[in-house]
1. Could you calculate the contour length gain from residue 288 to residue 24, that is, 0.36 nm times the residue separation minus the distance between their Cα atoms, to one decimal place in nm?
2. Angle check, please: helix 83-92 long axis (alpha carbons) against the longest principal axis of the chain (alpha carbons), in degrees 0 to 90, nearest 10.
3. Hey, in the GNM for the chain with a 10 angstrom Cα cutoff, which one of 38, 180, 136 fluctuates hardest?
4. At q = 0.10, 0.17, 0.18 Å⁻¹, what base-10 log of I(q)/I(0) does the Debye formula yield for region 48-185 when every alpha carbon is treated as an equal point scatterer in vacuo?
5. Which peptide among 251-259, 263-271, 171-179 comes first, and what is the full order, when sorted by highest mean count of other Cβ atoms within 10 Å?
6. Among DSSP beta bridges whose residues both lie in the chain, state the antiparallel percentage, nearest 5.
7. Let me make sure I get this right: for region 1-65, a, b and c are the square roots of the gyration tensor eigenvalues over alpha carbons, sorted descending. Under 1.5 in a/c it's rounded, otherwise prolate if a/b > b/c, else oblate. Which is it?
8. Using alpha carbons only, what's the Rg to Rh ratio of the chain with Rh from Kirkwood?
Ligand code: TXA
Ligand code: MG
């Protein structure tokens, strides 16, 4: 995996230069970030922005995050930036944090879904940073996650290729994403700091920097497609179970009906009581929120591709460290709740 301070190989550098040219021509380019892969377009080109919505199949009133390269330009892209936002930017950029702020006149409303606020982020993946640098000073990329609307976000270039084969010409490959879950979205509008989407920066880290508790929005009135119940969904029905006893009884029902089932658990004990078969597959996940988050989307995709009929996944611990994982799992399972 490319690290921020590692040199980018020559071949990738050439690909970045030609990707920047494509962006200037108004094309959409997929690029790696440390969270998930993004579908980028130059914010100053309305047709390019429209292409993102078309390719993704996303309603055009849903706002996009604007990615830029230089934190000193925060006051160029946003206005009325409160001290707390500057502080968060200083600590976490480049990195997996998106700040929602009142937009400046340099941000077109085509990018914000008509809203007067904008989501801003400086990613830390070296390929993303280099691409932004090549684009030039005070240029920016609108970039949603590079998946079809409502589907699981991509954490490798292959995930993007599989979803957009034939419709997307340029896909920069920066290896598997370091974090694997989307950025934490923090609203800094109307004098209140609020987490709109838990993600790559833990809530505790934000509270430590701000030296205050922040609120966490569960049902946001602000339009965030990420808060739609069906977001991040697998094709395979996914159920969350809370303990070994309940999963074992659910499992006997599924096995009796001959339903091909995958169990995703942090509990090695289950492997000793279950015997794998054609109808039953067991995946042991790390018992650590960061390591779990990094593997989550790739694991869900693998199970989708392997045509299981049911996924049973163990509920994460009920604490703030696991909030981003719990959030994605709840959304992925929601569609299939009776
Ligand atoms: O990690 C990430 O944030 C990735 C990478 C590519 O940077 N991007 C990403 O974009 O997850 P997307 O479009 O899949 O999700 C962005 C979320 C959406 O839920 C959107 O509604 C919210 O950010 N958002 C963007 N602008 C907003 C605004 N002005 N107010 C409230 N929410 C906003
Ligand atoms: Mg997304």
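1. Full extension from residue 288 to residue 24 adds 90.9 nm.
2. It is inclined by approximately 60 degrees.
3. Result: 136 has the largest fluctuation of those listed.
4. Those come out to -0.32, -0.98, -1.11, one per q.
5. On the way: 251-259: 12.8, 263-271: 16.6, 171-179: 20.3.
With the highest mean Cβ count within 10 Å placed first, the list reads 171-179, 263-271, 251-259.
6. Values: 17 of 42 bridges.
DSSP beta bridges in the chain are roughly 40 percent antiparallel.
7. Oblate is the answer for region 1-65, as a/c is 1.5 or above yet b/c matches or exceeds a/b.
8. On the way: Rg = 20.3 Å, Rh = 20.7 Å.
Looking at the chain, the ratio lands at 0.98.
Read-outs: derived from the displayed coordinates by stated rules, not from any lab. Model, not experiment: these values are computed from the prediction. Methodologically, a virtual Cβ is constructed for each residue, glycine included, from the backbone with ideal geometry; neighbour enumeration extends over all protein chains shown.
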